[in-house]
1. For a 22 Å ceiling on Cα separation, which of these pairs sit above it: K186/K248; K220/K256; K188/K248; K220/K248; K116/K146; K130/K165?
2. Please report the net charge: other residues with Cβ closer than 12 Å to the Cβ of L96, K and R +1, D and E -1.
3. HN-Hα J couplings of the stretch 90-95 from phi, Karplus 6.51/-1.76/1.60, θ = phi - 60°, integer Hz, Gly and Pro as x?
4. Hey, can you rank 122-134, 8-20 by average C-beta count inside 10 Å, highest first?
5. Exactly which GluC sites (Glu not before Pro) in the stretch 173-250 are in a DSSP loop and have at most 14 other Cβ atoms within 10 Å?
6. Taking the alpha-carbon centroid of each part, what is the distance from the stretch 21-37 to the stretch 145-179 in angstrom?
7. Quick one: plug the Kirkwood hydrodynamic radius of the chain (C-alpha pairs) into Stokes-Einstein at 37 °C, 0.692 mPa s, and report D in µm²/s.
8. Between E46 and E108, what is the label-to-label distance in nm when each label sits 7 Å out along the Cα-to-Cβ direction?
Amino acid sequence: MDVGIGLPNGMLGVDRRGIVDWARRAEEAGFSSLGTIDRLAYPAFEPLTTLAAAAAVTERVSLVTDILLAPLRSNTALFAKQAATVDQLSEGRLVLGLGIGAREDDFEAAGVDYHKRGAIFEQQLEDLLKFWAGEGRVGPAPVNGKRPQMLIGGGADVAYQRAAKYADGWTLGGGPPESFSEGLAKLKDAWSAAGREGEPRGVAMIYFALGDGAKEIAQKNFGDYYAFLGEYSQLVVDAAATDADALKDYLSEFEKAGADELLCFPASPDPDQVELLASAVGL
């Protein structure tokens, strides 16, 4: 199982060091991927812009949106152009994890109907393929001439169907190993029903904070980011790995559940978290 690391693009206090220096150090440490999370109505760095910066200072590591909320990008032609640009700048390292999102405030800020986000996403997936194939001359074309690597996020049955129809696999986007295992089985069923060859890719994610004051940092930053969940936000905070043993347990459990990659997203924007995580997971 590959181990990737999230960029702290959604964490309070993130700055250039938390993106550019972090990306360099993550590649040097041997992580498989750099990931981003996505919110609009929050003081977070935008995912594709963040990955463009990371692409400029790295050569090997994959660049993953896990996940990017596609319906917020209501101009699909522009969205296709932005994604293809990052794919070109990174020489094909973009992995575009896409989902519909669940926070109404994001859609209010974007001027997009929250209740139509599923239908909007379905149309976007169709249109993205057309734009990437050259329709409207809104290029550049993706590096492979077809589309960037893609994952679909979500736990509803339609998410697995979308993954089987449009993408290379599926990402859980948060949840325990048991949920991943159940979702992976549904994905493989949808993959087979769609007549797809080979095996779909399955990606999971966890949160972490390491070093001095790790639990307090997780409480502050994850607590704020997930405050919209109300009482449930504390469950997210409590699930964060704050020591090496917890991280190793997560790696073992998700590997047993069949994950091809585990992305570890940080609570802190301090680039020292990169080496702390690398040491904890044995890179």
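1. Among K186/K248; K220/K256; K188/K248; K220/K248; K116/K146; K130/K165, the Cα-Cα distance tops 22 Å for K186/K248; K220/K256; K188/K248; K220/K248; K116/K146.
2. -1
3. These are the phi-based 3J(HN,Hα) values: 8, 6, x, 8, 6, 10 Hz.
4. Those peptides, ordered most packed to least, come out 8-20, 122-134.
5. Here the sparse-neighbourhood loop sites are E197.
6. Computed from Cα coordinates, the inter-centre distance equals 22 Å.
7. Estimated diffusion coefficient is 174 µm²/s.
8. Spacing of the two 7 Å Cα→Cβ label points: 2.2 nm.
We did not get these values from a lab; they are worked out from the coordinates using the rules stated. Just so we're clear, the structure is a prediction, and the values are computed from it rather than from any experiment. Reconstructed Cβ throughout: ideal geometry from the backbone, glycine too, with neighbour counts over all protein chains shown.
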